[in-house]
Amino acid sequence: MEMMSGNADAGHSGWSILRWLPTNRMFLRVFGVFGSLLLAMTALYALLIIPLQRDSLLKVMYSQAATVSRSIIQACSDAMLTDDFGFVVEHNLQVLQNNKSVRSVVIVPRRGTAMRIAPEGWVMQENERAALPATAFEKESYGIINDAAGVSHYRYTTPIRFSGVIWGVIRIDFDTSEYEYNIDEMYRQLSYISLLVVLAILFAGYFFTLWLTRPISTISQAASRVARGDLDAHVHVKRNDEIGLLSRSFNQMVDALQQSRDQLENYNQELELKVAERTRELDELNRTLDQRVRDEIAMRKEQENLLIHQSRLAAMGEMIGAIAHQWRQPLNALSLVMQNMRMQHRMGSLTEKSMDRMQEKGEQLVQRMSSTIDEFRNFFKPGKHPEAFRLAQAMRSSAEIMEGVFKNHGIALTMECDETIELFGIPGEFSQVVLNLLSNAKDSVLDSGQAEPRILVRVIRIWDRVQISVEDNGGGIAPELLNKVFEPYFTTKDEGKGSGIGLYMSKMIVENNMNGRLEASNVRGGGARFTINLPAVRKSDSPRLQ
Amino acid sequence: MSCARASADSLWLRGLKAGLLIALELLLLLARPANSAETVRMGFLLGARRDSPVADVHTAFELWAEELSARFEVQMTVTYFDDIESMRQAFRRGEINGVGADAMLLGRNFKEDELADGYSVAMRGGWNLILLTGKESAIGVKDLLGKRVVLLENDQTSIIYLELLCHRHYARSCNRVFAEMQRVPSNNQAVLRLFFDKADVALVYSHGNELAKELNPQLEKRIGRVIGELPITSLYYAFFSASVSKDFRQRILTAIPTMHTYPRGRQLLDILKMDHLELAQPSELRPFTQMDKEYRQLKLQSERPKGRQ
């Protein structure tokens, strides 16, 4: 019915010792359970049937005894009335002759001597009356008894009652050989049934268990082979039940495994080829890596320089704007001085003294403008080496550059800074960072059309860290753009207003050159906050600083 | 025959074959029973067996007929008659060639020379007809007047014997001798009635008395005194017709004495309640015919007016 392809020796290893006596555990367990259940059922059946059968046989004997006694009483009623005991004896002798199961009949008349009638003869017996049960004249009694010789009888005793009068007692002893034969026959049949059941267990149970467990064992063995890597193991169980389904599923699984393994091998081969190719490429890459790194560094450096350059150009633009704002007032004042001088000249009131005062005034204005240029030049003078510097001074210089622009646009700038805080880095770069943040805040408050634009710069020292925050009330940054504002060339400003590299350069300077962090966030009430977190310089670290 | 065309060897061989065939046929004729054409056609009077049910008697005789037919390779038929007259007429017409009935009826209705040898029913204890009374009883055969007697019903022999006694000793019919005449179907019941004081005397056959005492030895102590006895060999007989050949009769009757010795025969005898069968001659009917004759004479004498004596 079922067989396993592949290695036949391995496939039948569980059955190889004695094919007819499989030794696998499942077979023994199923066989044991099956056999035990059948034996238990047979034993239960026997336990139930024996009392029932015995009871049934006793009922049959009772029925027979009652019938015989009624027949005798009916036949002998007239004789009993007339004390014709000869008829009684004769009749009972005939009864005994015709009914071989009756062993004896004892008639105990109400008066007179009892008669015991048996097939071998009859006799008058005085002691039979005394041997009767106490209730013999009142009710019937029956049951199997053993006499003195050890012979068992079914004894039925009943009053002889007719015409409402009890005329005596009749006691009939029946042969129990038929009963015993039936009991023996029952035991014999039960023995045969038990024997048949045992044989059935051995026969049917063997084949049933074999039928049940063999395919499972075959599948199990095949599974073991599969587990050992033999994917040629297939089982062929031609059955339309779950085991057949299991077999087919198993074969499908093995086929799938085989297919997967083939695919895997193909993948491995492809991967090995790719690895070899990649290895070749890597070797090639390794050979040119130094050059490529140098090229990349140079390219990055060039890009960085370009960015710095662009940043400087942007800063220059900012600076020019700031200078323009700074110069706007002295130029106006100078223009007024010049107009005043011309007006006094026309009016003829120009005096030497007034001329000198206006000249002095003009020179002061020119000097102021010149100093402004110096300030800007100094601000943008590139520092070459990092050093400790005062934070407040660096921030003030940045604020002063933007002061004219802020005043021109009515932007309120508030700075809260501890004069003693020192940082370590290149002051010019840091000032450029602060300038970028202030310029960015200025653009933000101006773009938002804020009626009362303001910018708050706050410096907090927390242990050995310094946190500088630049807040504005320009509406803040859209949440989806918070992580993009530091990307190079990213800007939300109108075309021509922003280069998109200010914040990027600021983050590069803070994080790469000053070992700090620059982060952007929004503040409650609608505004942006840029926070610089930098390590502070301890007193012992800055001996040169005065 | 085409002997003329046959060769000399062939003629000799054919003659030898023909001679052997004729010799074989002669042997078969000699081996065949001479009276093979005869059949046994027994007639039985049903009333003759009072102790056995009619169905049992039928079955027993039919089985017996089959048994004998198979054993002697003869055809055997059994005819049952309800009365002796019908049986006698059938016998006279030759429809039956054997008759079976009780001895008194056979003696009355068949002449001795009409009958040939046959068999009788033998019982352990014998067939003597005995008149019993209690051991302690002082009743004698002359003290029967006013007593209660019990006897077998429908038994002509018992009736004739009892009437004979009454006529011998009292010159009158039993009806006028006994105060009560009880008729019972069996010897045992008659003995029991005597035992239980339901009768003063009982007329029974000796085998019945013996059987009753076997059934209860207590009877031996209380009853058993014989005050009258008719010695007879058997009560039941069956005879072949005298017209049946002696060889045929003897061939059939050889099985009779040994019948009780083999199981099937024993089975048949048990059905008919017989101990065994014995060969019998028609002359054994004479005591019955003589008793009947004496009874009739005494009866006539007793009925004759006293003045004529």
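Restricted to region A:323-378, and to residues there that are in a helix (DSSP H, G or I) and either touching an Asp or Glu at 6+ places or on another chain (Cβ under 9 Å) or of a type in the set (Ser, Thr, Tyr) (or both), the residue that is farthest from A:Ser397 (Cα to Cα) is A:Ser354.
Would you point out the residue of region B:148-174, among those that are away from chain A (no Cβ under 14 Å) and assigned to a loop (DSSP other than H, G, I, E, B), that is surrounded by the fewest Cβ atoms within 10 Å (Cβ to Cβ)? Only one residue fits best here, namely B:Asn154.
Hand me the list of strands (runs of 3 or more DSSP E) wholly inside region A:100-146 holding 2 or more residues that are within 14 Å of chain B (Cβ to nearest Cβ), of a type in the set (Val, Ile, Thr) and buried (at least 16 other Cβ atoms within 10 Å of the Cβ).
Working: elements: A:102-109, A:114-118, A:121-125, A:141-146.
Strands (runs of 3 or more DSSP E) meeting the threshold: A:102-109.
Does A:Arg454 satisfy being within 57 Å of the chain's Cα centre (by Cα) and at pLDDT 85 or above? Yes, satisfied.
Just one of A:Ile532, A:Ile477 is in contact with a strand residue (DSSP E or B) (Cβ under 8 Å, 6 or more places away or on another chain), modelled with pLDDT of 90 or more and in a loop (DSSP other than H, G, I, E, B); which is it? Before the answer, list the steps.
Values: A:Ile532 fails: in a loop (DSSP other than H, G, I, E, B).
Only one candidate passes the filter, namely A:Ile477.
Can you tell me which residue among B:Val177, B:Val191 is farther than 20 Å from B:Ile84 by Cβ, within 14 Å of chain A (Cβ to nearest Cβ) and of a type in the set (A, V, I, L, M)?
So the residue among B:Val177, B:Val191 that is farther than 20 Å from B:Ile84 by Cβ, within 14 Å of chain A (Cβ to nearest Cβ) and of a type in the set (A, V, I, L, M) is B:Val191.
A Cβ distance below 6 Å, combined with a sequence gap of six or more or placement on separate chains, defines the contacts here; from region A:463-474, residues that are of a type in the set (Ser, Thr, Tyr) reach no residue that is in a loop (DSSP other than H, G, I, E, B).
Within region A:147-161, being part of a strand (DSSP E or B) and either among the basic types (Lys, Arg) or loosely packed, with under 15 Cβ neighbours inside 10 Å (or both) holds for A:Arg155, A:Arg161.
Candidates B:Ile271, B:Ile223: the one that is of a type in the set (Val, Ile, Thr) and not assigned by TED's automatic domain parsing to the domain that holds B:Val149 is B:Ile271.
Filtering region B:214-259 down to residues that are without any contact (Cβ under 8 Å) to a residue 40 or more places away in the chain and buried (at least 18 other Cβ atoms within 10 Å of the Cβ), which residue is farthest from the other protein chains (Cβ to nearest Cβ)? Ranking the qualifying residues of region B:214-259, first place goes to B:Met259.
Restricting to region B:133-142, and then to whatever is of a type outside the set (Gly, Ala, Ser) and either out of contact with any strand residue (DSSP E or B) (no Cβ under 7 Å at 6 or more places or on another chain) or not assigned by TED's automatic domain parsing to the domain that holds B:Tyr205 (or both), can you tell me which residue is modelled with the highest pLDDT? The selected residue is B:Lys142.
Does any residue of region A:95-103 turn out to be under 23 Å from A:Ile166 (Cβ atoms), touching an Asp or Glu at 6+ places or on another chain (Cβ under 8 Å) and in contact (Cβ under 8 Å) with a residue 60 or more places away in the chain? Lay out the reasoning, then the answer.
Just the residues of region A:95-103 that are under 23 Å from A:Ile166 (Cβ atoms), to begin with: A:95, A:102.
Within this subset, residues satisfying the condition of being touching an Asp or Glu at 6+ places or on another chain (Cβ under 8 Å) are A:102.
Then keep just the ones that are in contact (Cβ under 8 Å) with a residue 60 or more places away in the chain; that gives A:102.
Yes - at least one qualifying residue is present in region A:95-103.
When we screen B:Arg88, B:Arg92 for residues that are surrounded by fewer than 20 Cβ atoms within 10 Å (Cβ to Cβ) and over 23 Å from B:Leu63 (Cβ atoms), the only hit is B:Arg92. Just so you know, in region B:273-307 the residues that are part of a strand (DSSP E or B) and aliphatic (A, V, I, L, M) include one that is surrounded by the fewest Cβ atoms within 10 Å (Cβ to Cβ), and it is B:Leu279. Within the option set A:Asp83, A:Asp78, being within 14 Å of another protein chain (Cβ to nearest Cβ) and either outside any helix (DSSP H, G or I) or in contact (Cβ under 8 Å) with a residue 60 or more places away in the chain (or both) holds for one residue only, A:Asp83.
Is it true that B:Leu145 is surrounded by fewer than 18 Cβ atoms within 10 Å (Cβ to Cβ), under 19 Å from B:Lys299 (Cβ atoms) and at pLDDT 90 or above? Please lay out each step first, then the result.
Working: surrounded by fewer than 18 Cβ atoms within 10 Å (Cβ to Cβ): yes; under 19 Å from B:Lys299 (Cβ atoms): yes; at pLDDT 90 or above: yes.
Considered against the rule, which asks whether it is surrounded by fewer than 18 Cβ atoms within 10 Å (Cβ to Cβ), under 19 Å from B:Lys299 (Cβ atoms) and at pLDDT 90 or above, B:Leu145 comes out as yes.
The values are calculated or read from the model by the stated rules, or taken from the named source; none is laboratory data. In this text the structure is predicted, and so the values were computed from the model without any measurement. Positions of Cβ are generated from backbone atoms using ideal geometry, with glycine treated the same way; all protein chains shown enter the neighbour counts.
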